[in-house]
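Remarks on the structure that follows.
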Amino acid sequence: MNSLKNNFFFRFTAASLTAFLSCMMPVNPSFAQEAVVLPAPGQMIHVTRSFEPAQMIGLKVNLKDPFRFDFIMDQGQISMPEALQKQEFNKLIKYFLVSLTMPNKEMWVNLSPYESKRIIPEVFGQTEMGRDLLAEDYILKQFTSSWP
């Protein structure tokens, strides 16, 4: 199995499938202060229009103080009030910092019914990023089970 994962064709297929599913995934713009409402188990999810969320597009490092960063952000499709925009950007910056500090082997979520004891690592589950990825995995599974 390990040699299969190193195979170019396998990696290309996995990347293509991921890109395809992320384009097809229904996105409801939810912002940092709103509670995430997940669909009920068994509820059908339909394809929605495309949406471009806020995102971090760059990073400037201060040469005199290398621990000081300036993040370059894009607000995405929806213009929002400045306070809400600041909350959303702070959430994205926290995601970035978690991805820098968390070991790769600890950054995963798993909602497999066959592995109920392996849902999310405890440390990653304490982060907002871990909880949000778990919610996205739930929505992805709901969406794929809604296909005819």
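The values are calculated or read from the model by the stated rules, or taken from the named source; none is laboratory data. Remember, it's a predicted structure, so these values are computed and weren't measured experimentally. Every residue, glycine as well, gets a Cβ built from its backbone with ideal geometry; the counts of neighbours run over all protein chains shown. With ligands, DNA and RNA removed, areas are computed over all heavy atoms of the protein, side chains included. Shrake-Rupley method; radii C 1.70, N 1.55, O 1.52, S 1.80 Å.
In the structure displayed, which of K60/K86; K64/K105; K117/K141 lie more than 24 Å apart, Cα to Cα? K64/K105, as the Cα separations exceed 24 Å there. Protein heavy-atom accessible surface, 1.4 Å probe, per residue over segment 76-147: 66 Å². Rounded to the nearest whole Hz, the Karplus-based 3J(HN,Hα) values (6.51 cos²θ - 1.76 cosθ + 1.60, θ = phi - 60°) of segment 43-49 follow the sequence 6, 6, 10, 9, 5, 10, 5, with x at glycine and proline.
Peptides 131-144, 37-50 ranked from most to least packed by the mean count of surrounding Cβ atoms within 10 Å: 131-144, 37-50.
A simple rule links phi to the HN-Hα coupling: the Karplus curve 6.51 cos²θ - 1.76 cosθ + 1.60 with θ = phi - 60°, which for segment 99-110 gives 5, 7, 9, 7, x, 4, 5, 9, 9, 8, 9, 8 Hz, with x for Gly and Pro. Using a ≥ b ≥ c from the Cα gyration tensor of segment 34-148 (square roots of the eigenvalues), is it rounded, prolate or oblate, where a/c under 1.5 gives rounded and otherwise the larger of a/b and b/c decides, a/b for prolate? Oblate, since a/c reaches 1.5 and b/c is not below a/b. Our coupling estimate for segment 137-143, obtained by passing each phi through the Karplus curve with A = 6.51, B = -1.76, C = 1.60 and θ = phi - 60°, is 5, 4, 5, 4, 5, 4, 5 Hz, Gly and Pro reported as x. Working note: Debye formula, equal point scatterers on the alpha-carbon atoms of segment 51-95, no solvent; log10 I(q)/I(0) at q = 0.19, 0.22, 0.24, 0.25 Å⁻¹ is -0.61, -0.76, -0.85, -0.90.
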